[in-house]
1. Between 0 and 90 degrees, rounded to the nearest ten: what's the tilt of helix 54-73 against the longest Cα principal axis of the chain?
2. Using only the alpha carbons of segment 442-552, determine the length spanned along each of the three principal axes and report them from longest to shortest in whole angstroms.
3. Going by a ≥ b ≥ c, the root eigenvalues of the Cα gyration tensor, does segment 223-379 fall in the rounded group (a/c under 1.5), the prolate group (a/b larger than b/c) or the oblate group?
4. Taking the Cα centre of the chain as origin, sum charge times position over the Cβ atoms of Lys and Arg (+1) and Asp and Glu (-1), and report the length of that vector in debye to the nearest 20.
5. Please work out the Cα center distance from segment 156-186 to segment 297-351, rounded to the nearest Å.
6. Per-residue HN-Hα couplings for segment 471-484, Karplus 6.51 cos²θ - 1.76 cosθ + 1.60 at θ = phi - 60°, whole Hz, x for Gly and Pro?
7. Each residue of segment 294-299 in order: what ³J(HN,Hα) in whole Hz does its phi give by Karplus 6.51 cos²θ - 1.76 cosθ + 1.60, θ = phi - 60°, with x for Gly and Pro?
8. Ranking request for peptides 525-533, 350-358: highest mean number of other beta-carbon atoms within 10 Å first, then the rest in descending order.
Amino acid sequence: LRLPLDSLPQMAEEQREIESPRDPFEPAEPLPLAGQSSLLARREEGSEAEGGNEAQRAAALEKSLREAEKVKQTESVWVDVVRTSLCIEPRNGCLYLFLPPLERLEHYVALIELIEDTAAELDLPVVIEGYDPPRDDRMLCFKVTPDPGVIEVNIHPANNWRDLADNTHLLYEEARLSRLCAEKFMLDGRHTGTGGGNHITLGAASAADSPFLRRPDLLRSFVTYWQHHPGLSYLFSGMFIGPTSQAPRVDEGREEMLYELEVAFSLMPDGVTDQPWLIDRLMRNLLVDITGNAHRSEFCIDKLYSPGLASGRQGLLELRGFEMPTHPKMALVQALLIRCLVARFWQDPYKKPLVRWGTELHDRFMLPHYVWSDMREVVKDLQDHGIPFQLEWLAPFEEFRFPHYGSVNIDDVRIELRWAIEPWHVLGEEVGSFGTARYVDSSVERLQIKIEGLTPERYVLACNGRRIPLRSTSKHGEYVAGVRYRAWQPQSALHPTIGVHSPLVFDLIDTWNGQTVGGCTYHVTHPGGRSYDSLPVNAFEAESRRINRFWD
């Protein structure tokens, strides 16, 4: 990044000393202790020059002669050029060292040790920057990276529950001390997550021990189970969902995907296999979004066993359908649920036919009633397999994901309003002042209406004068429905000529007597017409913006 490498003399490709990164499946020795890196390097050089028997030395000499003859025959003029350099720059009383890219962790550790020894001898403060150390399972890595709108933190893996709990609590506490948090408030006061992901990565200490490479049916169980239970996709996700989101489901997008998945599942062996590459060959072209991006998928396998690079053969499965929770205990509940499902699938693989949800995927499971009913089935399934997971542990996610707006009692009938999920769709390209852009239509929202104690032969529920098609639940006299409406009108939207529908006026109509017996009104913004220009500074201001928007 800082060296004029293009001005260096050219070399033939066969003359360049190109070192490939260590294969994750290659056996690795423990790293040397402090003070032994340089000594070990000198020992290896000496053993290559002096060690070995007569036959080995003769073979090495013959190899050297062949390489020398090959160099003579090449058309390029060989020039001894150093292409890997350490960039040193004094700034602000410190010495900044820009490290070059290295392929082996042993070399990186030896370089860092020499820098530490030199800095201690000269009593000179140094700052390390430049390329990261090569990825290696012998080194724990903790990264803090700037991301649009958030700060991304990648914590090192944990192999037991105590370490995972300690890491999670420490991360949230250190963020609080830095005046950071895992929540935010929208312009209207709605409490949401940061928009960043709480991606959960599953694997092993080494790639060869990954359960997904040893048991391909484990990934099949995860994909099938998530496809059967859409509540797992929508209860923990962020606001941006759908086929163009960062973590679309396998059945959101191309209609033929489920058929192709069934073909791949039929070719997948049961139990332990000695073919770690098989899972990547079967699923690489299926766990993708509608554009073919393997990273933007609910189950990301681009680091499972990718044949192109060594960094892609780590045996890791990344679950991307989780948004960053607002509290560390909520994050631990998510991780606990995944651990329970891994144990359940390992003991009893989940091999069932896939479900063609069709339009019901977004018609039913965008509503909190059906999401919670689906999660009740998941918890019951875990308990039937001897795992004592409790449904009450997921209650904070339900209230956070689907906030309660208000309720009203009209005689024996109770009407409740909750926020529901509405997929955001990416619009067509438009030319703006900064170039070509594709906007996201977030102007359409959805509410869930739940009615208890209703007599459908007598009462009808209407919204802004239109009858709401109610759907009966498993409970007698209980009905739910979803209402999509335009909350605000941006300059670019899916249907720009449709105006704002706010406020939403709900009327319970008695058809026997031909009159309205009661109802309620929901305002998207402040009913007085107050407009907010800045985001809430804290939870108290956000709460003040949320109240007085629901009227009996």
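1. Between helix and principal axis, roughly 80 degrees.
2. 48, 35, 29
3. Rounded.
4. With only Lys, Arg, Asp and Glu charged at Cβ, the dipole is about 1920 debye.
5. Result: 18 Å between the Cα centres.
6. Working through the residues one at a time gives 10, 6, 9, 6, 9, 5, x, 10, 9, 9, 7, x, 10, 8 Hz.
7. Computed from phi, the couplings for segment 294-299 are 6, 7, 8, 8, 4, 10 Hz.
8. Sorting 525-533, 350-358 by mean packing, highest first, produces 350-358, 525-533.
The values are calculated or read from the model by the stated rules, or taken from the named source; none is laboratory data. Everything numeric in this text was worked out from a predicted model, so none of it was measured. FYI the Cβ positions are ideal-geometry reconstructions off the backbone, even for glycines, and counts take in every protein chain you see. With ligands, DNA and RNA removed, areas are computed over all heavy atoms of the protein, side chains included. Shrake-Rupley method; radii C 1.70, N 1.55, O 1.52, S 1.80 Å.
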